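Comments concern the structure below.
Read-outs: derived from the displayed coordinates by stated rules, not from any lab. Keep in mind that this is a model prediction, so the values were computed, not measured. Note: ideal-geometry Cβ built from the backbone for every residue, glycine included; neighbour counts use all protein chains shown.
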């Protein structure tokens, strides 16, 4: 295999078929079943892709038709995505957390004429949306779904759609793909959106291939290219996992293992022994908190080592590490680090963070623990990766690294980051006005504010639209403050606000385990609502705010705070599926409480 194959590929399906011929019986997609971890080989996947593609054509689908996927991460998701494109159609991924209203919006907006759904649970909100919109005349169910639930559409079973003459199906797909070029549409990915209705981002084959080539070059140059294994955890419906967790490993000829969920992630890491894992910052924050709590329970020596690791991590986060840190480095290498690496399966080369800003202290912690942390930057509109930290470029944790191969970046006069290259989307589906406002003279206007450092690495300061402008005209970056707050053991989540106001305030979600511990230590019955009214409890939380304020400028300091009633989550619509807070929804829900702080 050669990375030049990615440059020469005219489309994603052709690259996959080439890899399938090269890899043959080597494992491609691995998932947990009743009998344990079970793999589908490259050759088996190629056969299923071609057969499903032909059956889609037999249902009457044509070039350019949109087909939605509503499924959790599993091998069939990847096969379905490739098969839709192999049929000449366009994939429309949908989140498994979508409500009926979400499905109605996507079906209507995309005009999808078919849907592939994984199971009865996910079919439950989908089917009423299909009936309401009159879209999707055909539904393919991966697991058996009762035919009695249909009536407005034809229901087909996955097993029936992946059988037949494999050789003939392969020939038909190859003939069809010969006419598909890099500039042709591959998928319409709806942005999860922190406000407003999701917009469909039109990504062409070349955009994703450009991303894959850039990321693969980093892996080959800095880590060596061998038998790679990825552990897939983020939703494949999200552009980050779609490219970095699916098409990148495909381009590398790697094996993809599918995690069973957050509750089993630790076990899956040890079982899968991945070499690379793609994760959002929130998960790193959770893992950091759990690891610290586990170590703290292991006695004085463990706590001494943890203290040295945290100190080293802070120095690395602030780019202050030097030769005087060598003793700590050697001590940790002989004690904590081997244990931490084993928890990640023992073979991990790199943890790739993206989807939201990573707090440097979190990155520094994992770096001190001997794990290579690569923070990437991008957005759905750029397929999605724009830049990434990697060792040969000099990892600096308060940056997101230099642009990847084939990516141009410049900074506008107002500080906005602009991007140009094959990775830039074709535009927003059926929204030409939005497209014209976002892509100007070939440059993607990211909406992010930042600058380039002396080595050409991108430094993100904030989202253009999220910046708080106080009543004196000072700019405050909320994501920085929120990241710092959530590093405190007392605080699980936070949202800060203060636009057109005299100072910044915070809405706090308490860490339940810390609150339990405080009540126990103070011999008070645990009742979260009652605790919030206790002056001593509020003082303890204020101490966490004060510790954060100690590292903030005068205009950034958080003057007052209020408690949220419940954690921000996808279910209450206060977080996106990729763990970003929805500021508009949170402000609307808690507006009286926040206003009372002024």
| said: Once you keep just the Cα pairs under 8 angstrom separated by 6 or more residues, what percentage relative contact order results for the chain? | reply: 11
| task | Kindly state, to the nearest 0.05, the FRET efficiency for residue 25 paired with residue 454, given R0 = 41 Å and r defined as their beta-carbon distance. | result | 0.25
| task | Give me the distance between the Cα centres of the range 459-485 and the range 199-236, rounded to whole Å. | result | 30
| In units of 2.2 N^0.38 Å, what is the alpha-carbon radius of gyration of the range 342-451? | 1.22
| query | Stokes-Einstein D for the range 4-180 at 4 °C, 1.567 mPa s, Kirkwood Rh over Cα pairs, in µm²/s? | reply | 78
| task | Would you please give the FRET efficiency between residue 183 and residue 43, computed as 1/(1 + (r/R0)^6) with r the Cβ-Cβ distance and R0 = 30 Å, to the nearest 0.05? | result | 0.50
| request: Could you work out the per residue convex hull volume over the alpha carbons of the range 468-595, in cubic angstrom? | output: 108
| field | Dimensions (Å) - the range 418-486, Cα atoms, principal axes, largest first | value | 38, 33, 25
| said: If each residue of separation counts as 0.36 nm, what is the full-extension length gain between residue 585 and residue 101 once their alpha-carbon separation is subtracted? | reply: 172.6 nm
| request: Highest first, please rank the peptides 36-48, 71-83 by the mean number of other Cβ atoms sitting within 10 Å of their residues. | output: 71-83, 36-48
| Percent RCO, i.e. relative contact order, over the range 1-147, from Cα pairs under 8 Å lying at least 6 residues apart | 19
| request: Among [x] 0.97; [y] 1.03; [z] 1.05, find the value of Rg/Rh (Cα atoms, Kirkwood Rh) that was calculated from the structure presented, and write down its label. | output: [x]
| field | Relative packing of peptides 394-407, 512-525, 157-170 - highest average C-beta neighbours within 10 Å first | value | 394-407, 157-170, 512-525
| task | Compute the length gained on full extension between residue 471 and residue 526: take 0.36 nm times their separation in residues and subtract their Cα-Cα distance, giving the result in nm to one decimal. | result | 15.8 nm
| Counting DSSP beta bridges in the range 4-180, what percent are antiparallel, to the nearest 5? | 25
| task | Sum -39500 (n - 2.57) across every DSSP H segment of at least 4 residues in the chain, then divide by the residue count to get the 222 nm mean residue ellipticity, nearest 500. | result | -12000 deg cm²/dmol
| request: Enter the Cα centre distance for the pair the range 84-117 and the range 1-57, rounded to the nearest angstrom. | output: 23
| said: I'd like the distance between the alpha-carbon centres of the range 292-367 and the range 583-598, rounded to an integer number of Å. | reply: 37
